[in-house]
Structures are given as C-alpha cells and as structure tokens.
Amino acid sequence: MHPSAAPGDRLAALGTQLIEIHDWLREELARLRAGLDPAGGPPGGGDRLRGLRAHCLTFCAALTRHHTGEDAGAFRVLAEEAPQLRPVLAQLAHDHRMVDAIVRRIEELVAEPPTGDPAATERVRGELDGLGAILESHFGFEERRIVAALDALRAEAGDAEALFGLAPPAG
C-alpha cells in the first residue's frame, strides 16, 4: 500500500482515503473467503487453512491496526472538532470491539489448523462470513456518518495513516 498523497499533503480528501482503505479491506476479506473454496487452494481443509494462515494473519493485523488507529486518531480528533458526532463515534468504537472479538477467534482457528479437518475450514468460513457482514454494516455506517466531517478537518489534524492506522492502498 502507498498513500494517495505525499506525507503531510492532502491531495485526496480524508473521507475519500477512508473509503479507499475500507474498499481494500473488503477486497482482502473477499480474497480470504475465496481462498477457502476448494478451487482457491490445495485439497483438504487443513491444507487450505495452513496456506491461508499468513494472509489471514496479515489481514487481521491490518484490520486491527485500522480500527485502533481510528479510535486513537480520527475519532479523538472528530470528538473534539465535531462534538455532535460523539454518539456516532461511540457506536463505531463499540463495533470495533465486536470486530476485535471475531478477529481473535479467527486468529485462534488458523493458528494451528488440524490437517484434513473440513469442519475447521467451515468454522473459519463461518467466522469470516460473520466478520464480512459486520464490517459491511460498520463501514457503510461510518462512511455515511463521518466522511463529510473528515473532509472538513484541518490539515494539522494529521494524514490518513495517522488518523486511520493505515495509508490508502495503491490504486
């Protein structure tokens, strides 16, 4: 990933950059889910899980970094500059805790996948499906409710990486 703008420069609006990050996370989650399909990897549930472990852990770390970054960065700044958004920010932070619980379950499931256990693949698939549903709702709500406020932030508030935990992906 690389930023849409040079560090400290806002060539793209922060709201647009947030949506770019969300879109990248959606795509990565879709790739993970596709990798669980028999055509997406080697035969055998455990073998597929083992092959997906690195990608899954990378995705989970990026998602956690994004939500932690928002809580400490963008949400803190928005709470100060747009206090009317505090209830929305509290709901989004609550969502982050729910997502974190699912991410931890996924990390546990892929940490030591049992070889040849199709039920393990299905447990991971179920958690990824649940994560996808929650993230889609969360991202959509966040994009509808705070993008305009992000676009109105002063440049001194920080760049996308400081505010969102991740830089927008290469387009």
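Values in this text are rule-based calculations from the coordinates and carry no lab data. Remember, predicted model here, so these are calculated numbers, not experimental data.
Tell me, what HN-Hα J-couplings in whole Hz come from the Karplus equation 6.51 cos²θ - 1.76 cosθ + 1.60 at θ = phi - 60° for each residue of the range 106-111, using x for Gly and Pro?
The phi angles translate into 4, 4, 5, 5, 8, 4 Hz.
With the calculation restricted to Cα positions, what are the radius of gyration and Dmax of the range 14-164 in angstrom?
17.1, 54
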